[in-house]
Amino acid sequence: MKRQKTIFLTVLLTVFAVLTMQAQPASPVKVKYELTSVTEKGATLQFRATIDAGWHMYSTQVVEYGPTPCTFTAETLKGCRLDGPLGAVGQPVKKFEDLFGAEVYYFEKSAVFEQKVLFDGGPYTLEGFLQYGACNDQMCTPPTSVEVKMTGEASAPQSEKEGVKEEEKAEVNEENGEDAVAASDSVAQNEAQSADFASADLWQPVVEELRAFEGQASAASSSLGEGNWWMRLFLLGFLGGLIALVTPCVWPIIPMTVSFFLKRSGDKKKGIRDAWIYGLSIVVIYVTLGLLVTAIFGASALNSLATNAVFNIFFFLLLVVFAASFFGAFELTLPSRWSNAVDSKAEKTGGLLGIFLMAFTLTLVSFSCTGPIIGFLLVEVATDGGSILAPTIGMLGFAIALALPFTLFAMFPSWLKQMPRSGGWMNTVKVVLGFVELAFALKFLSVADLAYGWHILDREVFLSLWIVLALLLGLYLLRVFHFPHDDPEEDGGRVGVVRFFLAMISLAFAVYMLPGLWGAPLKAISAFAPPMKTQDFNLMPDAEVRPAFTDYEEGMTYARKVGKPVMIDFTGYGCVNCRKMEAAVWTDERVARTMQTDYVLIQLYIDDKTSLPEPYLITESDGTERKLRTVGDKWSYLQSHKFGANAQPFYVLLDPSGHPLTASRAYDEDVQGYLNFLTAGLNAYHHGKNQ
């Protein structure tokens with residue numbers, strides 16, 4: 001059991017480390033490199049790292065379930081080869097870290113790493129990247145890469161330069177008197193970018209043009225649906241809180257806690273006041289958690305998290321572990337000393353602080369049941385809202401639902417007698433949650449499967465698994481089978497009315513999904529299932545809007561040829577709202593006809609992990625360098641560079657030269673509004689042609 005707790009804590013803390021990684025604005029480690037000890041036979045590629053105070057950079061030792069070690073990966077070796085692995089110069093600090101449960105090795109303030117290189121003689125090219133991890137006492141950086149590119153003759157030393165290294169020639173341009181060395185890297189990057197991005201004019205930013213359009217439309221659209229958006233997030237969190245209430249970790253605590261307040265005070269009014277403070281403390285604790293997520297992240301990082309394939313695989317495994325726990329395979333709890341310490345402190349501390357510590361004790365004790373709900377809620381709310389305040393709104397709803405019974409039962413203690421007693425029904429709730437978590441775990445695995453093109457979880461496979469889960473849940477509720485921690489003789493083995501209706505709903509849901517195996521759209525679950533294009537057997541192929549192109553340059557070239565406006569859909573395999581739009585809006589006959597007849601539809605997946613023929617280095621607007629290695633990287637850069645946006649879905653209407661025709665559009669299931677958006681683009685295009 002101790003080992004299971006350790007693994008669980010490691011998994012949980014690593015999840016939050018991954019979340020934190022996404023938000024680091026700048027690396028606390030600065031790395032420079034150079035070739036030293038250069039001879040005709042070989043040289044030493046030396047990396048010198050400067051580490052900010054309070055941070056440490058991990059060494060080359062690989063620790064199981066540990067931090068990211070420092071490694072060097074060669075991508076191109078021409079006229080040279082590596083001689084052994086990367087090595088550290090000097091002795092690193094060796095320390096046991098509770099986070100990883102193992103001895104780790106790291107450097108503070110500075111570090112030096114060396115990679116031996118052998119030359120074959122003559123010109124050589126060495127390209128690759130150094131990857132490292134760094135942490136402080138509160139957070140960690142993501143695995144960070146330093147790009148390396150070095151060329152030269154076997155005996156020619158290279159000078160030190162931070163960032164990408166290229167052979168520098170100190171030639172002075174006699175015509176304008178400028179030093180060509182200072183511009184050499186920029187020119188090389190522009191040439192590489194132009195070679196890949198065929199028509200440079202198509203990549204020119206149009207952010208200001210879009211803002212001008214959106215400024216005209218904002219007054220009419222900003223208030224429309226804003227309240228619905230906030231309310232949807234709040235209700236999602238509130239529903240999660242209601243589910244958490246009926247779990248075995250929370251429900252039995254309600255009458256004990258309320259009775260404690262009423263008996264301790266000896267005064268009903270004071271007991272009610274204390275219960276109010278207790279409930280408010282619960283709200284403060286969970287909203288603070290939402291605010292922390294808000295502060296750590298940002299809209300861009302949250303969106304990146306939603307479409308990150310590695311994180312989706314990780315969250316899939318985490319949900320499977322939680323589901324197995326709910327099925328009774330093992331019990332996941334936080335170390336008892338945590339809750340005991342807080343509880344002891346609460347007893348010794350009086351007043352408001354004591355009540356707050358009691359609420360914090362509830363948070364720790366109930367974590368094994370609320371943890372899976374909170375984790376899933378934070379991911380779904382953060383990636384669904386498109387706003388950095390989304391997690392806070394979601395957690396506010398969760399906390400109010402969780403705190404409400406404590407306050408109400410304190411105000412009306414007679415209700416406690418009518419409160420259902422703890423029993424086997426709460427175990428049933430846990431099992432049902434286990435089935436639900438397995439279903440959503442498949443959704444996260446599907447995101448990674450689509451991003452990497454594995455094709456192991458295509459639409460019919462996904463639906464088959466969901467159908468089986470719905471059938472098993474229905475049969476479980478009908479007591480056809482039970483789990484080890486169930487009591488088969490509970491209620492005499494009879495099926496209650498509530499269980500019967502829940503079983504009927506689950507079995508009906510399975511029947512509803514069956515036609516999807518033959519291509520039925522299944523709008524109710526379209527946001528979670530893989531897109532229709534992954535369906536191998538489809539009896540209704542004409543019901544889906546299909547893009548004419550999945551490549552930006554090819555689509556724009558075709559639009560110029562046929563003289564049509566362009567609609568670009570920036571989407572993602574892991575984008576839930578994208579699937580909702582395709583199911584709720586694109587299936588409208590008028591919308592589908594307009595999109596496929598009057599526009600050239602280009603669909604660009606920003607999480608497509610297909611490798612580019614060769615990586616390309618670009619410079620962001622803030623001067624930082626970024627290497628595009630995948631097709632998704634390319635389209636993500638296009639969206640941010642040209643349109644100044646990073647969320648999906650993102651729809652923009654362009655003329656064939658790449659200029660916007662009207663304001664862009666994001667997630668909004670208003671069919672008529674979407675049709676008006678398409679019509680406005682057509683009118684603007686034809687008006688421009690006639691001028």
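The values are calculated or read from the model by the stated rules, or taken from the named source; none is laboratory data. Just so you know, these numbers come straight off a predicted model, no measurement behind them. Glycine also receives a Cβ, built like all others from the backbone with ideal geometry; neighbour counts cover every protein chain displayed.
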Would you confirm, using the coordinates I've provided, whether Val495 is in a loop (DSSP other than H, G, I, E, B) and either assigned by TED's automatic domain parsing to the domain that holds Tyr637 or farther than 29 Å from Tyr599 by Cβ (or both)? yes
Residue under question is Tyr651, and the condition is that it be in contact with an Asp or Glu (Cβ under 9 Å, 6 or more places away or on another chain) and crowded, with 18+ Cβ neighbours inside 10 Å; does it hold? yes
Whether any residue in the range 470-491 is under 26 Å from Ala584 (Cβ atoms) and either surrounded by fewer than 16 Cβ atoms within 10 Å (Cβ to Cβ) or in contact with a Phe, Trp or Tyr (Cβ under 7 Å, 6 or more places away or on another chain) (or both) is what I want to check. yes
Here are some conditions: (1) touching a helix residue (DSSP H, G or I) at 6+ places or on another chain (Cβ under 7 Å); (2) crowded, with 17+ Cβ neighbours inside 10 Å; (3) at pLDDT 90 or above. Val461 meets all but one. Which one does it not meet? (1)
Confirm whether Arg590 is buried (at least 19 other Cβ atoms within 10 Å of the Cβ) and among the basic types (Lys, Arg). no
So if I check each of Ile467, Ile456, which one is exposed (fewer than 14 other Cβ atoms within 10 Å of the Cβ), free of Cβ contacts under 8 Å to residues at least 60 places away in the same chain and under 30 Å from Lys609 (Cα atoms)? Ile456
Which of the residues that make up the range 421-431 are modelled with pLDDT of 70 or more and of a type outside the set (Phe, Trp, Tyr)? Met426, Asn427, Thr428, Val429, Lys430, Val431
Which count do you get for residues in the range 546-581 that are modelled with pLDDT under 85, surrounded by 21 or more Cβ atoms within 10 Å (Cβ to Cβ) and not basic (Lys, Arg)? 6
With the structure loaded, tell me whether Phe129 is modelled with pLDDT of 85 or more and in the same structural domain as Pro67 (by TED's automatic domain parsing) or whether it fails that test. yes
For the range 308-316, check the following and say yes or no: at least one residue is surrounded by 17 or more Cβ atoms within 10 Å (Cβ to Cβ), out of contact with any helix residue (DSSP H, G or I) (no Cβ under 7 Å at 6 or more places or on another chain) and at pLDDT below 75. yes
Please pick out the residue among Leu408, Leu402, Leu389 that is modelled with pLDDT of 75 or more and surrounded by fewer than 21 Cβ atoms within 10 Å (Cβ to Cβ). Leu408
Just to be sure, is Phe234 of a type in the set (Phe, Trp, Tyr) and modelled with pLDDT of 75 or more? yes
Examine the range 555-574 for a residue that is of a type in the set (Lys, Arg) and more than 30 Å from Ala647 (Cβ to Cβ), and state whether such a residue exists. yes
Assess whether Thr39 counts as being modelled with pLDDT of 85 or more and within 30 Å of Tyr124 (Cα to Cα). no
Residue check for Val631: crowded, with 19+ Cβ neighbours inside 10 Å, within 30 Å of Gly128 (Cα to Cα) and of a type in the set (A, V, I, L, M, F, W, C): yes
Residues in the range 334-350: is at least one modelled with pLDDT of 65 or more and exposed (fewer than 15 other Cβ atoms within 10 Å of the Cβ)? no
Can you spot a residue in the range 473-490 that is β-branched (Val, Ile, Thr) and part of a helix (DSSP H, G or I)? no
Free of Cβ contacts under 8 Å to residues at least 60 places away in the same chain and of a type in the set (Phe, Trp, Tyr): does that describe Tyr476? yes
